[in-house]
Each structure stands twice: as structure tokens, then as C-alpha cells.
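J.: My questions all concern the structure below.
The values are calculated or read from the model by the stated rules, or taken from the named source; none is laboratory data. For clarity, every value in this text was computed on a predicted model and none was experimentally measured. Because the Cβ atoms are built from the backbone with ideal geometry, glycine has one as well, and the counts that use them run over all protein chains shown.
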Amino acid sequence: MKIRYKKKRLRVNLFIVIAWGVLVVLTLFFSSKRQWFDYMYFIMLIFHLAQYIYENKKQYLTIENGTISKNLLFQTKKMNLNEITQIKKFAGDYILKSKLEELTITTQIIDADSLVDLNAALEQLELPADRTPFTRPIDINI
């Protein structure tokens, strides 16, 4: 299952790619003498284009085969779901903890439908009530 980025984030990244592309084209056509920073525009275009393509293809998180993977451009952080010992919710973000590592999930950049899927996947983990934000409080009527 893929946990997708918000469409707004992907559109903003595409706009940034287009802006760098326009800057590169304008520099090529209207600059008579090349400076070192003219080449930096091209490098920034390539970097942002690679980031846009990667994020559009891989999306934010992947949950499959008992692992959760945070897909970043230069590295992928993985954690086995059965090794998660605690889930904290802090400022709307989830912090998944195991004995050896932590994985922070920023929920503000996740699509609303995918956030429902993520919550459902995390609710299925059998963690003690004091170690997950997904437990419902016990209603004691006396």
C-alpha cells in the first residue's frame, strides 16, 4: 500500500521545476557571457526534476511485506511493523519507535485518503494502550 503525498505538494514541486526550467532557458538565450552560477541553475533544475519524478513515482510511504518504508530521494528509511514498540503522536506527526530506531511520519503532507489508510494500518498493530494513540478510552459508568 502506498501512502501518497498531497496533490498540492506535488503541484508545487512541479511549479518549482518549471520555474527553474524557465530560468535555465532564459539564461541560455539572453546571457552572452556564462558565469559559474549559470551552471548552478541547470544543476538545480536537474535536482528538482529528479525529486519531483521520484516523489511522484514512489510517494511518501510504502507499507508492504510487514515493513513501513519512508521514501526519500537519497535514502529510504525502513522499519519492520512487528518491531514497533511505541507510537507517539506529537504535533500531528507520528513517531514510530522500535528498540533501535525511530521513524517520524509527517502527516501534514499526506493525502487525506491515504492518512485514513495509514491510521488503519497503525491501528492494527497490537500495542499496549499506553503505547499507542489509537486506543479508545474506557468509559466507566459508575
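J.: Restricting attention to segment 79-108, which residues are of a type in the set (A, V, I, L, M, F, W, C) and either part of a loop (DSSP other than H, G, I, E, B) or in contact with a His (Cβ under 6 Å, 6 or more places away or on another chain) (or both)?
T.: Pass one, segment 79-108, residues of a type in the set (A, V, I, L, M, F, W, C): 79, 81, 84, 87, 90-91, 95-96, 100, 103, 105.
Ile84, Ala91, Leu100 - these are the residues of segment 79-108 that are of a type in the set (A, V, I, L, M, F, W, C) and either part of a loop (DSSP other than H, G, I, E, B) or in contact with a His (Cβ under 6 Å, 6 or more places away or on another chain) (or both).
J.: Please find, among Leu49, Leu100, Leu73, the residue that is modelled with pLDDT under 95, in contact with a helix residue (DSSP H, G or I) (Cβ under 6 Å, 6 or more places away or on another chain) and farther than 16 Å from Thr132 by Cα. Steps first, please.
T.: Values: Leu49 fails: modelled with pLDDT under 95; Leu100 fails: in contact with a helix residue (DSSP H, G or I) (Cβ under 6 Å, 6 or more places away or on another chain).
Result of the check over Leu49, Leu100, Leu73: Leu73.
J.: Ok, one more. Taking Thr85, is it in contact with a Gly (Cβ under 6 Å, 6 or more places away or on another chain) and of a type outside the set (Phe, Trp, Tyr)? If you could, list the steps in order and put the result at the bottom.
T.: Numbers: in contact with a Gly (Cβ under 6 Å, 6 or more places away or on another chain): no; of a type outside the set (Phe, Trp, Tyr): yes.
Here the answer is no, as Thr85 does not meet what is asked.
J.: A further question on this structure: Which is of a type in the set (Asp, Glu), in contact (Cβ under 8 Å) with a residue 60 or more places away in the chain and on the phi < 0 side of the Ramachandran plot, of Glu64, Glu101?
T.: On the way: Glu101 fails: in contact (Cβ under 8 Å) with a residue 60 or more places away in the chain.
Being of a type in the set (Asp, Glu), in contact (Cβ under 8 Å) with a residue 60 or more places away in the chain and on the phi < 0 side of the Ramachandran plot holds for just one of Glu64, Glu101, which is Glu64.
J.: So Leu115 clears everything in (1) surrounded by fewer than 13 Cβ atoms within 10 Å (Cβ to Cβ); (2) farther than 24 Å from Ala19 by Cβ except one condition, right? Which one?
T.: (1)
J.: Given (1) outside any loop (DSSP other than H, G, I, E, B); (2) closer than 26 Å to Arg131 by Cβ; (3) not charged (D, E, K, R), where does Ile16 come up short, assuming only one miss?
T.: For Ile16, the exception is condition (2).
J.: I'd like the residue in segment 47-78 that is among the small types (Gly, Ala, Ser) and not in a helix (DSSP H, G or I) and, out of all such residues, is surrounded by the fewest Cβ atoms within 10 Å (Cβ to Cβ).
T.: At the first step, the residues of segment 47-78 found to be among the small types (Gly, Ala, Ser) are 50, 66, 69.
Filter once more, so that each one left must be not in a helix (DSSP H, G or I): 66, 69.
Working: Gly66: 9, Ser69: 19.
By that ranking, first place goes to Gly66.
J.: Here's something else I'd like to know. If I filter segment 79-102 for residues that are within 22 Å of Leu10 (Cα to Cα), surrounded by 14 or more Cβ atoms within 10 Å (Cβ to Cβ) and small (Gly, Ala, Ser), do I get at least one hit?
T.: No, every residue in segment 79-102 fails to be within 22 Å of Leu10 (Cα to Cα), surrounded by 14 or more Cβ atoms within 10 Å (Cβ to Cβ) and small (Gly, Ala, Ser).
J.: Next question. Looking at segment 36-53, I want the residues that are closer than 10 Å to Trp20 by Cα and touching a residue at least 12 places away in the same chain (Cβ under 8 Å) and have a partner that is polar (S, T, N, Q) and in a helix (DSSP H, G or I) with Cβ atoms under 9 Å, at least 6 apart or on another chain. Which pairs are those?
T.: Between residues of segment 36-53 that are closer than 10 Å to Trp20 by Cα and touching a residue at least 12 places away in the same chain (Cβ under 8 Å) and residues that are polar (S, T, N, Q) and in a helix (DSSP H, G or I), the close pairs are Tyr41/Thr27; Phe42/Thr27; His48/Asn13.
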